[in-house]
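The values are calculated or read from the model by the stated rules, or taken from the named source; none is laboratory data. Predicted model, so just to flag it, every value in this text is computed and none were measured. When we count neighbours, we look across all protein chains shown, and the Cβ atoms used for this are built from the backbone with ideal geometry, even at glycine. Each accessible area value is taken on the protein alone, full model and side chains, heavy atoms only, with ligands, DNA and RNA left out. Shrake-Rupley method; radii C 1.70, N 1.55, O 1.52, S 1.80 Å.
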Amino acid sequence: MTFDVVGTLIDFESGLKDCLAGIAAEAGVDIDGEEALTLYRAARYSEDADLFPDDLVRVYLQIAPKLGLPADRSYGERLRDSARNWKGFADSADALARLAKDYRLIAMTNARRWAFECFARELGNPFYAAFTADDTGTEKPDPAFFEKVFDFVASEGHSKDDILHVAQSQYHDIGISRELGMTNCWIERRHAQKGYGGTIEPAEFTKPDYHFTSMAALADAVAEERK
């Protein structure tokens, strides 16, 4: 099983909103969390974007004036560094531990290696292997990212046909995994919320092979199937 990490396993939206809310409170400003995510999304996905989460320094400086926050680089660095403490969704670590008993789990994240190592510890270090933006030199949905993983899986005596790709982002993962002929599973983390939050909206919706609203539900379904 291959996994997107940020947004699927790690609750980056809460991490971003909590950090921004803390800065706002110190500045005596009230901000709307969903508005902040909308501004973040627009700023993050630009042509001059850096690798994640280092890019959060630039993003903060771009969105701060629109939120009434102080446009000081130190706050951008604070937002970037908050990634070290972002939490997993409540069901992530347990579900991964259950799945790891029967499957090799491979992380596929657009985050840099330093951030991924923090995320992996938060999740209980369940991964057999991991590919980050530093390792691939690119970001999903670039097919080249996936090809790096396919090559690794082939070196282990398997193929992409043996993989179930699990992710919440239609744009970064579900659409491209379908184009590449993978079996995929959409974890719809925002099922109870409107919009795409901090994740870019896809040009079109891709119906996944499997669809759950939590990692726990995926782990339960796998356990039932293996009985």
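Strictly over 23 Å apart at the Cα level, which of LYS17/LYS66; LYS87/LYS160; LYS87/LYS227; LYS140/LYS207 would you flag in this model? Write down the numbers at each step before the final one.
Working: LYS17/LYS66 15 Å; LYS87/LYS160 30 Å; LYS87/LYS227 32 Å; LYS140/LYS207 18 Å.
Over 23 Å Cα-Cα: LYS87/LYS160; LYS87/LYS227.
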Note to self: Tell me the accessible surface of HIS158 in square angstrom (1.4 angstrom probe, heavy atoms of protein chains only), to the nearest ten.
What the structure shows: 100 Å²
Notebook entry, point to check: Which of GLU34, GLU139, GLU179 moves the most in a Gaussian network model of the chain with Cα springs under 10 Å?
Noted result: GLU179
Note to self: For TYR103, what accessible surface area do you get with a 1.4 Å probe? Give it in Å², rounded to 10.
What the structure shows: 80 Å²
Next item on the list: For the stretch 17-34, take each phi angle, set θ = phi - 60°, evaluate the Karplus expression 6.51 cos²θ - 1.76 cosθ + 1.60, and give the result in whole Hz per residue in order, putting x for glycine and proline.
Entry: 5, 5, 5, 5, 5, x, 5, 4, 4, 5, 8, x, 10, 9, 10, 9, x, 5
Next item on the list: Please tell me the relative contact order of the chain in percent, rounded to the nearest whole number, where contacts are Cα pairs under 8 Å and at least six residues apart.
Entry: 23 percent
Check: Against the longest alpha carbon principal axis of the chain, how many degrees, from 0 to 90 and to the nearest 10, is the axis of helix 113-122 turned?
Finding: 70 degrees
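Which whole-number percentage describes the relative contact order of the stretch 169-208, with Cα contacts under 8 Å and a sequence gap of 6 or more? Don't skip to the answer; put the middle values down first.
Details: 29 pairs, mean separation 23.0, N = 40.
Worked out over the stretch 169-208, it gives 57 percent.
Any idea of the accessible area per residue across the chain, 1.4 Å probe, to the nearest Å²? Can you show the working numbers first?
Numbers: 10650 Å² over 227 residues.
Value for the chain: 47 Å² per residue.
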Next item on the list: Quick one: work out the % antiparallel among DSSP beta bridges in the stretch 46-205, nearest 5.
Entry: 0 percent
Checklist line | Shape of the stretch 79-205, Cα gyration tensor, a/c cut at 1.5 | finding: rounded
Check: Amide H of ASP11: which non-local residues (sequence gap of 5 or more, or other chain) have their own amide H closer than 5 Å, using H built in the peptide plane?
Finding: LYS87, GLY88, PHE89
Notebook entry, point to check: Which value, in Å² rounded to 10, gives the accessible area of LYS66 with a 1.4 Å probe and all protein chains present?
Noted result: 130 Å²
Checklist line | Total formal charge among the other residues, if their Cβ is under 9 angstrom from that of ARG189, Lys/Arg +1 and Asp/Glu -1 | finding: -2
Next item on the list: For PHE131, enumerate residues with amide H under 5 Å from its amide H, sequence gap 5+ or separate chain, H modeled in the peptide plane.
Entry: ALA107, MET108, THR109
Notebook entry, point to check: Helix 215-225: angle to the longest alpha-carbon principal axis of the chain, degrees 0 to 90, nearest 10?
Noted result: 10 degrees
Note to self: On a full-extension model of 0.36 nm per residue, what is the gain between ARG226 and ARG104, subtracting their alpha-carbon distance, rounded to one decimal in nm?
What the structure shows: 42.4 nm
Margin query: Nearest 500 deg cm²/dmol is fine: what mean residue ellipticity at 222 nm does the chain get from its DSSP H runs of n ≥ 4 alone, each adding -39,500 (n - 2.57), divided by its residue count?
Written below: -13000 deg cm²/dmol
Item checked: Amide H partners (placed H, <5 Å) of THR2, local residues excluded -> ILE106, LEU164, HIS165, VAL166
Check: How far is helix 143-155 tilted, in degrees, relative to the longest principal axis of the Cα atoms in the chain, given as a value from 0 to 90 rounded to the nearest 10?
Finding: 40 degrees
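When a/c is below 1.5 the answer is rounded, else prolate if a/b is larger than b/c, else oblate, so apply that to the stretch 181-227 with a ≥ b ≥ c taken from the square roots of the Cα gyration tensor eigenvalues.
Details: a/c = 3.53, a/b = 1.63, b/c = 2.17.
Oblate.
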Next item on the list: Give, as ranges by residue number, the residues of the stretch 156-177 whose backbone N falls under 15 Å from the point 7 Å along Cα→Cβ of ALA129.
Entry: 156-165
Notebook entry, point to check: Which residues does a label at PHE205 reach in the stretch 43-86, if reach means a backbone N under 11 Å from a point 7 Å past the Cα toward the Cβ?
Noted result: none
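Please work out whether the stretch 149-224 counts as rounded, prolate or oblate from its C-alpha gyration tensor, where a ≥ b ≥ c are the square roots of the eigenvalues and a/c under 1.5 means rounded, while otherwise a/b larger than b/c means prolate and anything else oblate?
Details: a/c = 2.50, a/b = 1.40, b/c = 1.79.
Oblate shape, in that a/c is at least 1.5 and b/c is the bigger or equal ratio.
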Check: So, with a 1.4 angstrom probe, what is the percent of accessible area on the chain that is carbon and sulfur?
Finding: 46 percent
Next item on the list: Please identify which residues in the stretch 186-200 have an amide N closer than 15 Å to a label point set 7 Å out from the Cα of ASP91, following the Cα→Cβ vector.
Entry: 186-193
